[in-house]
Amino acid sequence: MRNAFAEEITRLGSADPRLVMLSADIGNRLFDKFKAMHPTRFYNCGVAEANMISLAAGLASCGLRPVCYTITPFITARCFEQIRVDICYHQMPVMIVGTGSGLSYAGLGATHHSLEDMALLRSLPGMRVLAPSDSMELRSCLRTAFAGEGATYIRIGKKGEPVLCAEPPGFTFGTWRQVRTGAEVALLSTGNMLPSALATADLLAAHGITPTVYSCASVKPLDTATLARVFAECETVVTLEEHGLIGGFGSAVAEWLVDRELPPKARLLRFGTGDHFLHHPGEQEHARQAYGLTPAAIAQAVQATLTPAY
């Protein structure tokens, strides 16, 4: 994903001289092409993420379109106040991109896990939150976010994520992309959990269950039209995210659901990380196992909710 990000930002920077790239002591070689083409529009802000955010707000106030980039917990939790006051309060058109989101850097320990970032940033007025599923969807999110106004946060993976789209799909804020069509179960996946959602759908299909699968890149705003439809038509609606259950994508869906006047037909089932840190080492797949974020565990829990039992 990060290579696709660098390529797309370079393309956008060539098309629009307002784009300024800011990085916090990461990705120097990743942005070599951008720096060669636009040497006056790249700033390595060092290990000073809060300063980078404030600098971006200042540049935006002068009519530029800054893009800030570094490892996710350092560009969200570390400088939350600057994002809140300098960017959101003043409605600055700044794009914030966190790389290695979720458990992508699982082997480096809890300091590099980002399981609270969506909860933090979706709570801010005016902040849009996106979590693309692969490098192609990321390109679409970048194009749409840069063409719009206001602040946008995009959480991305690291490298090696499977490419699920042949080309960048259409994307607009507040809409989701249907990947598979089914009936009694809706799997709503955000970010890099889409491969797991598809694997879960395959496991359920082996038991005669045909889920509908959505890629839900737009976390804020939600696709309320799709939510209304799946909760009216399905028995079980499942949210999948590599993020904490508290305050994440599933929480956003639950908040929407509880404010509905009509009771839903479907039951909501949320999958994310639990309310505890991992204190033992392991890479991403190991961490997902520890948190119960495997297709087998998800499929088993979904089956248990259906009546009659499959």
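The values are calculated or read from the model by the stated rules, or taken from the named source; none is laboratory data. Everything quoted here is computed from the prediction, not taken from an experiment. Neighbour counts are summed over all protein chains in view; Cβ atoms, including those assigned to glycine, are modelled from backbone coordinates with ideal geometry. Keep in mind that these areas ignore ligands, DNA and RNA; they rest on the heavy atoms of the full protein, side chains included. Shrake-Rupley method; radii C 1.70, N 1.55, O 1.52, S 1.80 Å.
Placing +1 on the Cβ of every Lys and Arg and -1 on the Cβ of every Asp and Glu, with nothing else charged, gives the chain a dipole about its Cα centre of roughly 600 debye. Average accessible surface for the chain: 41 Å² per residue, computed with a 1.4 Å probe over protein heavy atoms with every protein chain in place.
From helices alone, the chain scores -10000 deg cm²/dmol at 222 nm; the rule is -39500 (n - 2.57) for each run of n ≥ 4 DSSP H residues, then divide by the residue total.
Principal-axis analysis of the Cα atoms of the chain puts helix 135-147 at an angle of about 60° to the longest axis. If you sort Cys79, Cys62 by accessible surface, 1.4 Å probe, largest first, the order is Cys62, Cys79. The accessible area of Val238, taken with all protein chains in place and a 1.4 Å probe, comes to roughly 0 Å².
Rounded to the nearest 20 debye, the dipole size of segment 104-259 about its Cα centre is 420 debye, using +1 on the Cβ of Lys and Arg and -1 on the Cβ of Asp and Glu. For the chain, the spherically averaged projection of the C-alpha convex hull amounts to 15.3 nm².
Of the residues Asn28, Leu188, His113, the one whose Cα sits farthest toward the positive end of the charge dipole of the chain, with +1 on the Cβ of Lys and Arg and -1 on the Cβ of Asp and Glu, is Asn28.
Overall, the accessible surface of the chain at a probe of 1.4 angstrom is composed of carbon and sulfur to the extent of 55 percent.
Taking all protein chains as they are arranged and a probe of 1.4 Å, the heavy atoms of Glu116 leave approximately 90 Å² accessible to solvent.
With only Cα atoms counted, segment 160-308 has Rg and Dmax values of 14.9, 45 Å.
Selection among Gly248, Val237, Gly272 by position relative to the dipole of segment 224-279 gives Val237 as farthest towards the positive end (Cβ unit charges, Cα centre). Label-to-label distance, Glu285 versus Thr210, with points set 7 angstrom from Cα along the beta-carbon direction: 3.1 nm. Checking every one of the GluC sites (Glu not before Pro) in segment 210-310 against DSSP loop status and a limit of 10 other Cβ atoms within 10 Å picks out Glu261. The region of the chain that goes longest without hitting one of the trypsin sites (Lys or Arg not before Pro) in a DSSP loop, each with at most 13 other Cβ atoms within 10 Å, is 30-158. The residue list His38, Tyr69, Asn3 was ranked by how far each Cα lies along the charge dipole of the chain toward its positive end, using unit charges on Cβ atoms, and His38 comes out on top. Within segment 126-228, the GluC sites (Glu not before Pro) that combine a DSSP coil assignment with at most 12 other C-beta atoms in a 10 angstrom radius are Glu149. Spin-label model, Trp256 to Arg180: label points 7 Å out along the Cα-to-beta-carbon direction sit 2.1 nm apart.
Net charge dipole, segment 207-281: roughly 120 debye, given to the nearest 20, about the Cα centre with Cβ charges of +1 for Lys and Arg and -1 for Asp and Glu.
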